[in-house]
Structures are given as C-alpha cells and as structure tokens.
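Coordinate-derived values only; no laboratory data. This one's a predicted model, so the numbers in the text were calculated from it and none came from an experiment. Cβ sites come from the backbone with ideal geometry, for glycine too, and all protein chains shown count toward neighbours.
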Amino acid sequence: MSSITFRKIIFWPHLVSGVIAGIVIGIMSLTGAAIAFESELVDWADSANRRVQVPSADAPRLSVDELLARVKEARPKAQPSGVTVYPEPDSAVLVLTGRAEGVYVNPYTGEVREQGAKGWRSFFHLMEEWHRWLGAQGDNRPVGKAITGVSNAAFLFLAISGLYLWWPRKWTMKTVRPVLWFRGGLKGKARDFNWHNTIGFWALPVLIVLTATGMVISYKWASDLVFKLAGTEPPVAQGPAASAPVKVPTPPEGAKPIGLEPLFAEARKQVPAWETITVRLGGGQRPNPGPQAQGPQAQGPQGQAPRGEGPGPRAQGPQAQGPGPQGPQAVTLAIREQGGWPLFAAAQVSFDPFTGQVLRRETFADYNTGRKARTWMRFLHTGEALGWVGQLLAAIASLGGVLLVWTGFALSWRRFFPSRRPSATAQPETATAEPETAA
C-alpha cells in the first residue's frame with residue numbers, strides 16, 4: 001500500500017471525526033480554558049471576605065467544634081460537610097455546607113459570613129457544567145457526560161492522526177516552513193491551512209496529555225488500564241483507589257468522641273509547615289458527584305470539590321463516629337504541606353475519635369504505583385500537577401483547540417463547497433501543499 005493511499009485513509013476519518021465532534025470539542029476547549037485558573041481567580045476575588053480582624057497577638061481562638069456549632073446555630077438547615085483551617089492568624093475558617101457551598105467563620109468571634117465572589121463562582125460553575133455535561137441537568141447529565149467522553153476520545157484521535165498528516169514527506173525549508181509557523185499576508189484556505197497546521201503542531205503535546213487523561217477520567221476501562229500497566233490491581237470504583245478502612249479499637253462502654261479540636265491540634269504537630277488542614281464530614285448534599293477523585297486533598301478553590309472529577313471518599317467526621325453497622329469509624333484529616341511535592345499531595349492522618357490516637361499516617365509516597373499514576377492523571381488533566389505553569393499551558397492549548405475547530409470547519413467547508421474563483425493570494429508553496437493534510 002502506497003504512502004499516499006495510507007495518508008488518505010488517515011485523512012478521511014480525521015476530517016469526518018472533526019466535523020461530527022467539532023462543536024462539542026470547541027465547547028470543551030473553550031470552557032477548559034475558562035476554568036484553568038478557577039482556584040486562583042476565586043481566591044483573589046474573595047480575599048477580602050476571607051480575612052478577619054485579629055483582636056491581639058495572643059487572642060484565643062474558638063475550637064473547631066464551637067465553630068461548627070455557630071454555623072448550625074446561624075444556618076439551622078445547613079448540613080456541614082467539611083472544615084478547612086488555614087495557618088494565617090487573619091484567615092477565617094471555611095465550613096462547607098455542600099459540594100460547592102460554604103461559609104466563613106471568624107475563629108475569634110464565631111461570626112458566620114457568606115462567601116463572596118458570587119459572580120465568579122456562578123461563572124465557573126456554569127463553565128464546569130458545560131465542560132463536563134454540556135450544560136445538562138439532573139437525569140440528562142449521564143447523556144451529556146457520554147457525549148463529552150466520546151468527543152474527548154475523538155479529539156485524542158484527531159491530535160494523533162493530525163501529527164501524521166502534518167508530518168512533511170520531505171524535510172526541506174520549503175515544505176516545513178508553511179506548517180511550522182504563522183505566515184503573514186495569507187487569506188482564505190491558505191491562511192486556514194497555515195493556522196490549522198501551526199497551532200496543531202505546537203499545541204499537540206499538551207492536547208494529547210489533556211485528552212488522554214480525560215479518557216482516564218471518563219472511562220473506567222481506561223482508568224483500570226492505568227493500574228494494570230503499573231502492575232497494580234484496579235480498584236472496584238473508578239478513580240484513584242481509596243485507602244483501606246482504618247480499624248478503630250472498640251471503645252469502653254459509654255465512651256464519647258473527644259471532638260475535632262484535639263485532632264486538629266495533633267495534625268498541626270504531624271506537619272509543622274502545614275498549609276491547610278481539612279476534614280470531610282458526613283453532612284451536605286453532593287448531587288451527581290461523578291467519578292471518585294483522590295480524597296480530601298483533591299480540592300478546588302477554598303476547599304471545594306475538585307475540577308475534573310467529583311469528591312473522593314469522605315473522611316468521616318463527628319457525624320459518623322458512632323458505632324454504626326461496622327463499628328466506630330476513624331476521623332481522617334488531610335494535611336497539605338507548604339512546598340510539598342507533588343503539589344497536589346497531602347498527608348492523610350487517621351485518628352481514633354475516642355482517644356485521639358493516630359491510627360494511620362499515609363502520604364503520597366505510600367501509595368502503590370497504580371494509585372500514584374492515576375492521581376497524577378487527574379491533576380495533569382487540569383494542569384494543576386505542574387502549578388501555574390501547567391495551568392497556563394493547559395489554557396493556551398485549550399484556546400488552540402478552539403482555533404483548530406474553527407480552521408478545521410473552514411477547511412472542510414471549502415473542500416465540500418469550493419469557491420469557483422481561485423484565491424489570488426495563495427502562495428506557490430502553499431498551493432502545492434497536499435489538500436489531504438488540511439483537515
């Protein structure tokens with residue numbers, strides 16, 4: 001089979017896939033770029049609301065349990081689902097009351113304050129809904145998720161096949177220059193061809209990472225494949241494997257939980273250079289959580305559920321410390337360390353709720369190879385694994401994806417509905433480029 005025939009065999013599925021999935025790919029790319037810096041923008045817009053007046057340098061702070069009581073008193077219908085404490089003296093304590101809702105509590109006075117940046121939060125919530133479910137609500141979300149999953153797979157195929165179609169048959173300055181960098185003075189098909197190939201080439205490495213990790217998030221078979229390739233048994237649930245339950249010693253009859261404050265105090269000793277300490281509680285509503293993510297440390301802006309995947313297994317708090325059908329459950333606190341690596345990692349310390357004894361301390365280094373790889377996949381998808389540099393690359397590549405859709409549609413339109421008047425602006429070297437490479 002000649003290379004020309006094989007190129008055509010690759011070209012036509014490339015073109016058809018782009019035409020069919022192009023609109024959804026464009027939506028996912030645009031919304032992906034919009035939410036790339038969600039955490040940073042929300043934190044910046046809400047910085048004033050998160051700050052409190054420190055009465056004095058040695059002012060006593062209310063206990064975490066007292067702060068939860070103040071929230072329940074001020075919001076009787078609220079069901080606290082998590083608490084996040086910050087080391088700065090002038091930082092309020094965040095108490096989540098759902099998957100994406102929460103309030104700030106003054107640690108000195110107990111004053112309950114609403115979160116700010118409502119406009120930004122609503123915007124990012126809308127962008128995430130369109131990115132994950134095409135804006136579908138309720139029972140229609142599985143349909144939206146299926147469409148975005150298939151479209152993401154098509155985007156991965158387009159990226160890989162596009163590299164083959166881009167690859168010049170002869171590596172000379174004349175053949176490489178039109179598809180390696182932007183050229184001025186072009187119009188119509190020649191311009192779209194140049195833009196499509198140039199953007200595709202430079203954005204290709206990042207797009208392959210984004211789409212391949214998106215496949216792992218969308219499909220359990222892809223997630224299981226990561227574990228199998230790492231030589232690890234895949235978990236039953238999709239997403240990074242949860243840790244084995246921590247066995248709590250049977251408490252004496254009549255023993256009562258000691259509360260959260262002693263556990264937070266011990267957590268601070270476990271990681272002196274801590275950045276945040278978070279506990280997930282049993283309350284709050286989490287509709288349509290989607291695939292399970294990494295546990296308490298997988299959080300979005302100000303302790304909210306992470307982007308890309310839903311919240312992980314709940315770390316049990318005081319609402320789930322009773323005997324229950326399987327006996328008492330440990331309280332697990334996620335502790336993020338300043339300057340820790342990987343950037344998304346956190347130590348998870350499980351406590352006996354009756355004595356405060358540390359039952360298990362687990363860090364990212366303790367995960368098996370499959371769990372490490374799967375967790376990296378989740379944060380590579382948003383670029384957060386590499387900090388602001390990774391997020392910026394993800395945002396730029398996503399915007400490149402929007403332009404690839406635009407130029408791909410334009411080239412397809414001209415292929416099926418060619419203009420009768422040849423373009424006078426086409427350059428000789430562009431005119432001689434094979435049309436099969438312009439998809």
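Converting phi to 3J(HN,Hα) with the Karplus coefficients 6.51, -1.76 and 1.60 and the offset θ = phi - 60°, the stretch 255-265 yields 5, 10, x, 7, x, 8, 4, x, 6, 5, 5 Hz in sequence order, with x at every glycine or proline. Counting every other Cβ atom within 10 Å of each residue's Cβ, 344, 155, 182 order from fewest to most as 182, 344, 155. Pairs exceeding a 30 Å alpha-carbon distance, out of 145/170; 77/247; 269/372; 170/228; 8/187: 145/170; 77/247; 170/228. Projecting the Cα atoms of 199, 245, 219 onto the charge dipole of the stretch 150-281, computed from C-beta unit charges around the Cα centre, puts 199 farthest toward the positive end. Taking amide H positions as modeled 1.01 Å from N, with prolines and chain starts lacking one, the residues under 5 Å from residue 97 and 5 or more places away or on another chain are 81, 102, 103.
Taking only alpha carbon atoms, the stretch 21-133 gives an Rg to Rh ratio of 1.09, where Rh is the Kirkwood radius. Using θ = phi - 60° in the Karplus curve 6.51 cos²θ - 1.76 cosθ + 1.60, the 3J(HN,Hα) couplings for the stretch 371-376 round to 5, 4, 4, 5, 5, 4 Hz; x is entered for Gly and Pro.
Taking the number of Cβ atoms within 10 Å of each Cβ as an exposure proxy, the fewest-first ranking of 381, 196, 125 is 125, 381, 196. Among 99-112, 203-216, the peptide with the highest mean count of other Cβ atoms within 10 Å heads the list, and the full ranking is 203-216, 99-112. With the simple model of a label 7 Å out from the Cα in the direction of the Cβ, residue 341 to residue 187 spans 5.3 nm. Sequence-ordered 3J(HN,Hα) estimates for the stretch 219-227 from the Karplus curve with 6.51, -1.76 and 1.60 and θ = phi - 60° stand at 10, 5, 4, 6, 5, 5, 4, 4, 5 Hz, glycine and proline given as x. For the stretch 88-202, the dipole from Cβ point charges (+1 on Lys and Arg, -1 on Asp and Glu) about the Cα centre works out to 1280 debye, to the nearest 20. Give the separation of the Cα centroids, the stretch 40-82 to the stretch 160-196, in Å. Spelled out, the Cα-based centre of one part sits 55 Å from the other.
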